[in-house]
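For reference, the structure discussed in these notes is given below.
None of the figures in this text is laboratory data; all of them are computed from the coordinates on show. Please read these numbers as outputs of a predicted model, since none were measured by experiment. In this analysis, Cβ positions are derived from the backbone assuming ideal geometry, glycine residues included, and neighbour counts consider all displayed protein chains.
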Amino acid sequence: MDFMKCEWSEACLVTLKVRDYPEEGVTLEDLKPLIHEIRSKAKDMIIRADLAGMGLVGIERFKMIASICQEVVEYTKDDNILRKIEIQGAGFIFRTLYGPISLAIPKYFRDMVQFI
């Protein structure tokens with residue numbers, strides 16, 4: 001998966017590049033083998049969505065990434081391996097729009113999101 005990079009240390013950092021995210025998206029079933037590998041090798045997992053260079057086309061892709069992140073949160077909530085979701089490269093407009101939209105996101109998910 002060219003849009004995704006994993007960096008291993010005590011925590012596994014999974015970086016998702018929005019501009020390279022496939023148009024057809026990714027399913028939780030596609031990611032389950034990686035999640036099982038992370039569970040066996042790391043104590044924590046961090047998902048970072050890199051919005052750099054995404055442009056207007058990236059908005060749809062970002063919505064798909066947000067959806068798959070929510071599925072990963074649900075899938076891993078029993079073992080609590082996913083610690084945070086970082087959003088990198090978000091501009092002022094995106095951050096401004098996120099405020100009101102975030103009220104529709106469940107609190108446990110919203111608490112994981114951090115802008116870096």
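Roughly what angle does helix 57-76 make with the longest principal axis of the chain, taking Cα atoms, 0 to 90 degrees, to the nearest 10?
The helix 57-76 is inclined about 30 degrees to the chain.
Mind listing the long-range amide H neighbours of E86? Cut-off is under 5 Å, sequence gap 5 or more, other chains count too, H placed in the peptide plane at 1.01 Å from N.
I47, R48, A49, Q114
Consider just the alpha-carbon atoms of the range 4-115 and return their Rg together with their Dmax, both in angstrom.
Just the Cα atoms of the range 4-115 yield Rg and Dmax of 13.6, 39 Å.
Please get the size of the charge dipole for the range 4-115, origin at its Cα centre, with Cβ charges of +1 on Lys and Arg and -1 on Asp and Glu, quoted in debye to the nearest 20.
Approximately 360 debye in magnitude.
So what's the angle, to the nearest 10 degrees on a 0 to 90 scale, between helix 92-102 and the longest Cα principal axis of the chain?
For helix 92-102, the angle is close to 70 degrees.
To make sure I understand, if each residue's beta carbon is the centre and we count other beta carbons within 10 Å, what order do R83, R19 fall in, fewest to most?
The most exposed by this proxy come first: R83, R19.
Defining a contact as two alpha carbons under 8 Å apart and six or more residues distant in sequence, what relative contact order in percent does the chain show?
After rounding, I find 26 percent.
Which angle between 0 and 90 degrees, to the nearest 10, do you get for helix 28-41 versus the longest principal axis of the chain when only C-alpha atoms count?
Value to nearest ten degrees: 50.
Here is the link list: K41/K107; K17/K63; K84/K107. Which ones come out longer than 19 Å on Cα distance?
K41/K107
Return the single residue from L31, L16, L97 with maximal mean-square fluctuation; model: Gaussian network over the chain, springs between Cα atoms under 10 Å.
Of the options given, L97 has the highest mean-square fluctuation.
Among E71, E23, what is the fewest-to-most ranking by other Cβ atoms within 10 Å?
Values: E71 15, E23 8.
By the 10 Å Cβ count, ascending: E23, E71.
If neighbour count is taken as other Cβ atoms inside 10 Å, put R48, R95 in order from fewest to most.
Lowest count first: R95, R48.
Under a 5 Å amide H to amide H cut-off, with H placed in plane at 1.01 Å, what residues pair with F3 once short-range neighbours are removed?
Excluding prolines and chain starts, which carry no amide H, there are no hits.
For the chain, what is the percent of antiparallel DSSP beta bridges, rounded to the nearest 5?
25
Using Cα positions and a limit of under 16 Å, work out the aspartates and glutamates in reach of K43, with same-chain residues fewer than 8 apart set aside.
Result set, ordered by chain and number: E7, E10, D78, D79.
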